[in-house]
């Protein structure tokens, strides 16, 4: 399984959370291929998703406050089902500053909420990558997640 953490924004030099996000990307790597990719627009992101050439179509998860909120255990179970069913590519995407268009929401296979609060892209990427790492540790029985 390969994962992409995509975001519609420009990466800035003063991304305070970049080193921590990179740490979680490195920690995820033994469990699944993973990359973080910035896109200038929603259209560029969707073009990227369309170009993914795998046996199965990329599964697109848009982070959106109107989406479904999952616990860490529920996210792990969801990711495990995708992995075990042979899903080759999952794209988790953090939207543009103005939010996703209605068309984008219709094209996604899932809308995932990290809560009703709005987060800066950098912080949302950090929280998302930590939760993906946590999901894989839950699936593997690693003691990182202590169910508190």
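Can you tell me which residue in segment 106-117 is farthest from residue 44 (Cα to Cα), limited to those that are outside any strand (DSSP E or B) and in contact with a helix residue (DSSP H, G or I) (Cβ under 9 Å, 6 or more places away or on another chain)? Ranking the qualifying residues of segment 106-117, first place goes to 114. Filtering segment 40-64 to residues that are free of Cβ contacts under 8 Å to residues at least 60 places away in the same chain and within 14 Å of the chain's Cα centre (by Cα) leaves 45, 49, 58, 59, 60, 61, 62, 64. When 9, 20 are checked against the criterion of being more than 20 Å from residue 137 (Cβ to Cβ), in contact (Cβ under 8 Å) with a residue 60 or more places away in the chain and touching a helix residue (DSSP H, G or I) at 6+ places or on another chain (Cβ under 9 Å), 9 stands alone in meeting it. Of all residues in segment 118-140, exactly one satisfies the criterion of being more than 20 Å from residue 75 (Cβ to Cβ) and either modelled with pLDDT of 95 or more or in contact with a helix residue (DSSP H, G or I) (Cβ under 8 Å, 6 or more places away or on another chain) (or both), namely 122.
Here is a list: 51, 55, 27. Which entry is within 21 Å of residue 8 (Cα to Cα) and either at pLDDT 95 or above or surrounded by fewer than 17 Cβ atoms within 10 Å (Cβ to Cβ) (or both)? Answer to the selection: 51. The set of residues from segment 118-148 being assigned to a helix (DSSP H, G or I) and over 22 Å from residue 26 (Cβ atoms) is empty.
Just one of the listed residues (97, 135, 104, 93) is touching a residue at least 40 places away in the same chain (Cβ under 8 Å) and touching a strand residue (DSSP E or B) at 6+ places or on another chain (Cβ under 6 Å), namely 93.
The values are calculated or read from the model by the stated rules, or taken from the named source; none is laboratory data. Every value quoted in this text rests on a predicted model; they were computed, and no experiment measured them. Neighbour counts run over all protein chains shown; Cβ positions are idealised from the backbone, glycine included.
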